[in-house]
Amino acid sequence: MSTATEDTMPTHESGPTTEIVRLVDVGKAYGNVTALREVNLSVRQGEVTCVLGDNGAGKSTLIKIMSGLHDYDAGQMYVNGELSHFSSPREALGAGIATVYQDLALAPLMSVWRNFFLGNEIRRGPLRLLDNKRMEQVTGEELTRMGISIPDLDRPVASLSGGQRQCIAIARAIHFGAKVIILDEPTAALGVKQSGVVLKYIVRARDAGLGVVFITHNPHHAYLVGNHFVVLKLGRIALDEEREDLTLDQLTAEMAGGDELAELSHEIRQMDAAADR
């Protein structure tokens, strides 16, 4: 991560929470296509920031910038008060930003504890042998701390529910030092019950003092756990509100298209009236 000391800004306090990441007028273009334009976003300790938007709204580009996959072209991104550019996801993780993607980066046929330490194995002795017993022990302790109950940690991950797999990925990110967790559509492929499991662990991560960025299409899921809501449309911010200033109906209407939906409804009524004549 490269930083510029002359462009540092003081850490922002908002009541009991501290700003960890701040995007200021961030933009990103791919050739002639502008994916993001003048995006402002704050991620604060102990809060869930929900980013909503339809396909093509810019959510994926936002994730890639914050997670270190792509750099931004315009604006600034501050991490812990320092102007930051990431050249890789490893740099982002080193700064405390972890991303849990929909595919979870889990190996289905490997055990729970092997997946938990995948790429970060504990080794012992002069021959640097894998310390399997220690890794299994730590995995059990960390999952228990998050309230996740998996009695048999030797089970392959493929045998777990989608909600359980999401929770393992979240607990793993926290264990390896994440201060901010970006969750990419974690409930998109889950039913109501398993979505509820994941939402509960999002709250647990928030209450553990992490900043959570919850990327979703679902305003109902977002409103259950969110503290701050941002709606992206065609790469721009269409809505930016705190929970106390927003109702679920307003959020749903914004996601559904708001004025565009009303205009479409009017046009359809006109077509129906013309067909009846």
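Just a few scattered comments:
- In segment 147-157, the residues that are surrounded by fewer than 18 Cβ atoms within 10 Å (Cβ to Cβ) and assigned to a helix (DSSP H, G or I): none
- Consider segment 104-146 and keep the residues that are among the small types (Gly, Ala, Ser) and surrounded by 12 or more Cβ atoms within 10 Å (Cβ to Cβ). The one that is nearest to the chain's Cα centre (by Cα) is Ala105.
- Single match in Gly75, Gly119, Gly68 (criterion: over 30 Å from Tyr30 (Cα atoms), of a type in the set (Gly, Ala, Ser) and without any contact (Cβ under 8 Å) to a residue 60 or more places away in the chain): Gly119
- Only residues that are within 18 Å of Val203 (Cα to Cα) and assigned to a helix (DSSP H, G or I) were counted in segment 158-179, giving 14.
- Cβ separations smaller than 9 Å between residues 6+ apart or across chains give the following pairs from segment 170-187 residues that are under 14 Å from Val138 (Cβ atoms) to residues that are among the β-branched types (Val, Ile, Thr) and in a strand (DSSP E or B): Arg172/Val100; Ile174/Ile181.
- Total residues in segment 108-120 satisfying the condition of being modelled with pLDDT under 90 and touching a strand residue (DSSP E or B) at 6+ places or on another chain (Cβ under 7 Å): the figure is 1.
- Meets criteria (of a type outside the set (Gly, Ala, Ser), crowded, with 22+ Cβ neighbours inside 10 Å, over 19 Å from Ile65 (Cα atoms) and out of contact with any helix residue (DSSP H, G or I) (no Cβ under 6 Å at 6 or more places or on another chain)) for Ile174: no
- Options Val198, Val180, Val138; residue that is out of contact with any Ser or Thr (no Cβ under 7 Å at 6 or more places or on another chain), closer than 26 Å to Gly53 by Cα and not small (Gly, Ala, Ser): Val180
- Selection status of Gly209, on the phi > 0 side of the Ramachandran plot and either out of contact with any Gly (no Cβ under 7 Å at 6 or more places or on another chain) or surrounded by fewer than 18 Cβ atoms within 10 Å (Cβ to Cβ) (or both): yes
- For the condition at pLDDT 95 or above, among the polar types (S, T, N, Q), in contact with a strand residue (DSSP E or B) (Cβ under 6 Å, 6 or more places away or on another chain) and closer than 30 Å to Leu23 by Cβ, Thr49 qualifies.
- Of all residues in segment 98-107, one or more are farther than 26 Å from Val79 by Cβ and at pLDDT 85 or above.
Let's see how each residue does on (1) basic (Lys, Arg); (2) modelled with pLDDT of 95 or more; (3) over 18 Å from Gly56 (Cβ atoms); (4) touching a Cys at 6+ places or on another chain (Cβ under 8 Å):
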residue: Thr187; (1), (2), (3), (4): no, no, yes, no
residue: Leu190; (1), (2), (3), (4): no, no, yes, no
residue: Gln194; (1), (2), (3), (4): no, no, yes, no
residue: Arg204; (1), (2), (3), (4): yes, no, yes, no
residue: Ala238; (1), (2), (3), (4): no, no, no, no
residue: Leu261; (1), (2), (3), (4): no, no, no, no
residue: Ala273; (1), (2), (3), (4): no, no, yes, no
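- If the condition is being in contact with a Gly (Cβ under 9 Å, 6 or more places away or on another chain), crowded, with 16+ Cβ neighbours inside 10 Å and either among the hydroxyl-bearing types (Ser, Thr, Tyr) or not in a strand (DSSP E or B) (or both), then segment 225-242 contributes Asn227, Gly235.
- Contact annotation: residue pairs with Cβ atoms under 9 Å, 6 or more positions apart or on different chains, pairing a residue in segment 219-241 that is over 10 Å from Thr49 (Cβ atoms) with a partner that is among the hydroxyl-bearing types (Ser, Thr, Tyr) and part of a helix (DSSP H, G or I), are Pro219/Thr252; His220/Thr252; His221/Ser195; Tyr223/Thr252; Gly235/Thr61.
The values are calculated or read from the model by the stated rules, or taken from the named source; none is laboratory data. Only a predicted model underlies this, so the values are computations on that prediction, with no experimental measurement involved. Because the Cβ atoms are built from the backbone with ideal geometry, glycine has one as well, and the counts that use them run over all protein chains shown.
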